[in-house]
Amino acid sequence: MNTSFVSSFAFMILPFLFLPGCSTPTETVEPSLSEQITAIRSGSTDLVLIESMPLNDQDLASIRDVPGLRILQLDHADNSLTNAGMTEIAKLTQLEHLRIRGSSIGDDGLTALSTMSNLRILNLPQGKFTDAGLSQLKTLPKLQMLRIGSPHVTEQGIAALKDFPALRLVHLIDIPITDRGLADLQSIPKLESLYLDGANVSDAAVDGLFQKRPDLHVHFDQDHHDRDPHKHEHPE
């Protein structure tokens with residue numbers, strides 16, 4: 001995989017660091033949404049990360065006009081964000097990285113997000129959108145990483161990913177990918193990394209994948225495939 005591409009996303013990853021020693025790390029209290037917005041306005045950060053409290057559409061009003069916000073990660077499992085909330089998020093024209101967990105985002109929400117021309121990473125693991133909504137995202141000129149889960153997306157919808165102009169990393173969560181879908185995925189022109197959770201593909205189809213894309217970084221159900229040329233040990 002192109003290491004320069006991976007390094008370009010290093011600023012978007014927040015590792016937990018533990019210093020050696022006998023003491024137990026102290027728990028960090030998450031700043032409130034308003035405190036994080038104040039920090040962005042002061043220029044000290046470009047990130048909002050909310051893990052400790054669920055948000056709804058009304059909560060998003062406070063981030064509507066925040067210049068400098070490039071990374072928005074709303075990670076509580078009980079978020080109740082809907083299509084209306086995505087309309088508000090779409091006003092953040094400078095946003096590059098969006099992650100939302102535990103929500104009810106459907107096709108209209110993806111249509112709203114499809115106007116975000118600077119978006120590079122989109123992570124919606126618990127969506128409610130269909131193939132029609134997913135296809136709207138092909139208008140995003142800079143979208144390089146897509147991680148999605150939705151019970152309403154099919155292999156027919158996944159076939160449209162080959163038309164996404166900048167897509168390099170794809171992670172599909174419990175979307176029913178079979179041999180047909182795997183053949184479509186390997187046709188994504190710039191694909192470098194493929195994660196599939198819950199796929200049902202044959203060994204022959206995987207052989208065909210590596211024959212066509214021998215340098216592809218591949219995970220099935222969170223584990224490297226044995227033939228992954230970039231295979232490495234995962235931390236326990």
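Count charges around Ala61 for me, please; just the other residues with Cβ under 15 Å from its Cβ, Lys/Arg as +1, Asp/Glu as -1. Before the final figure, lay out the partial values.
Details: positive: Arg64, Lys91; negative: Asp57, Asp59, Asp65, Glu88.
Combined, the nearby Lys, Arg, Asp and Glu give -2.
Name the shape class, rounded, prolate or oblate, that the alpha-carbon gyration tensor gives for the stretch 31-128, where a ≥ b ≥ c are the square roots of its eigenvalues, rounded holds for a/c under 1.5, and otherwise prolate holds if a/b is larger than b/c and oblate otherwise.
On the way: a/c = 1.74, a/b = 1.25, b/c = 1.40.
Oblate is the answer for the stretch 31-128, as a/c is 1.5 or above yet b/c matches or exceeds a/b.
Taking 0.36 nm per residue of separation and subtracting the Cα-Cα distance, what length does fully extending Glu35 through Asp163 add?
On the way: separation 128, 0.36 × 128 = 46.08 nm, distance 3.99 nm.
42.1 nm is the gain from fully extending Glu35 to Asp163.
What angle do you read, to the nearest 10 degrees and between 0 and 90, between the alpha-carbon axis of helix 203-212 and the longest principal axis of the chain?
80
Using Cα-Cα distances under 8 Å and only pairs 6 or more residues apart, what relative contact order does the chain have, in percent?
Values: 485 pairs, mean separation 26.0, N = 236.
In percent, rounded to a whole number, it is 11.
Would you kindly state how much longer the chain becomes between Asp215 and Arg147 on full extension, computed as 0.36 nm times their sequence separation minus their alpha carbon distance, in nm to one decimal? Show your work: numbers first, answer last.
Values: separation 68, 0.36 × 68 = 24.48 nm, distance 2.03 nm.
Difference between extended and current length: 22.4 nm.
Indicate the gyration tensor shape class of the stretch 154-231 (rounded, prolate or oblate), computed on the Cα atoms with a ≥ b ≥ c the square roots of the eigenvalues: a/c under 1.5 is rounded; otherwise a/b larger than b/c is prolate and the rest oblate. Don't skip to the answer; put the middle values down first.
Working: a/c = 1.39, a/b = 1.14, b/c = 1.23.
It comes out rounded by the Cα gyration axes.
Using alpha-carbon pairs under 8 Å, 6+ residues apart, how would you state the relative contact order of the stretch 154-231 in percent? Mind showing how you got there, number by number?
On the way: 130 pairs, mean separation 21.5, N = 78.
About 28 percent, as a whole number.
Hey, what's the per residue convex hull volume over the C-alpha atoms of the stretch 50-187, in cubic angstrom?
Considering the Cα atoms of the stretch 50-187, their hull volume per residue is 87 Å³.
Taking K and R as +1 and D and E as -1, what net charge do the other residues with C-beta under 13 Å from the C-beta of Asn83 add up to? Show your work: numbers first, answer last.
Numbers: positive: Lys128; negative: Asp57, Glu88, Asp107, Asp108.
Counting the neighbours of Asn83, the net charge comes to -3.
Output the peptides 186-195, 49-58 sorted from most to least packed, where packing is the average of other Cβ atoms within 10 Å over each peptide's residues.
On the way: 186-195: 17.7, 49-58: 15.2.
Highest-to-lowest ranking by the protection proxy: 186-195, 49-58.
How high is the FRET efficiency from Thr28 to Ala132, r the C-beta distance, R0 45 Å, rounded to 0.05?
On the way: r = 41 Å, r/R0 = 0.92.
Working from the Cβ atoms, E equals 0.65.
So how much slack lies between Gln58 and Arg180, counting 0.36 nm per residue of separation and subtracting their Cα-Cα distance, in nm? Write down the numbers at each step before the final one.
On the way: separation 122, 0.36 × 122 = 43.92 nm, distance 4.15 nm.
Full extension from Gln58 to Arg180 adds 39.8 nm.
I'd like the FRET efficiency for Thr93 and Asp203, computed as 1/(1 + (r/R0)^6) with the beta carbon distance as r and R0 of 35 Å, rounded to 0.05.
On the way: r = 45 Å, r/R0 = 1.30.
The value I calculate is 0.15.
Could you tell me whether the chain comes out rounded, prolate or oblate from its Cα gyration tensor? Rule is a ≥ b ≥ c as square roots of the eigenvalues, rounded for a/c under 1.5, then prolate if a/b exceeds b/c, otherwise oblate.
On the way: a/c = 1.89, a/b = 1.33, b/c = 1.42.
In terms of gyration-tensor shape, oblate.
Since every read-out is calculated from the coordinates, none of them should be taken as a lab result. None of the values given here were measured: they were computed from a predicted structure. Methodologically, a virtual Cβ is constructed for each residue, glycine included, from the backbone with ideal geometry; neighbour enumeration extends over all protein chains shown.
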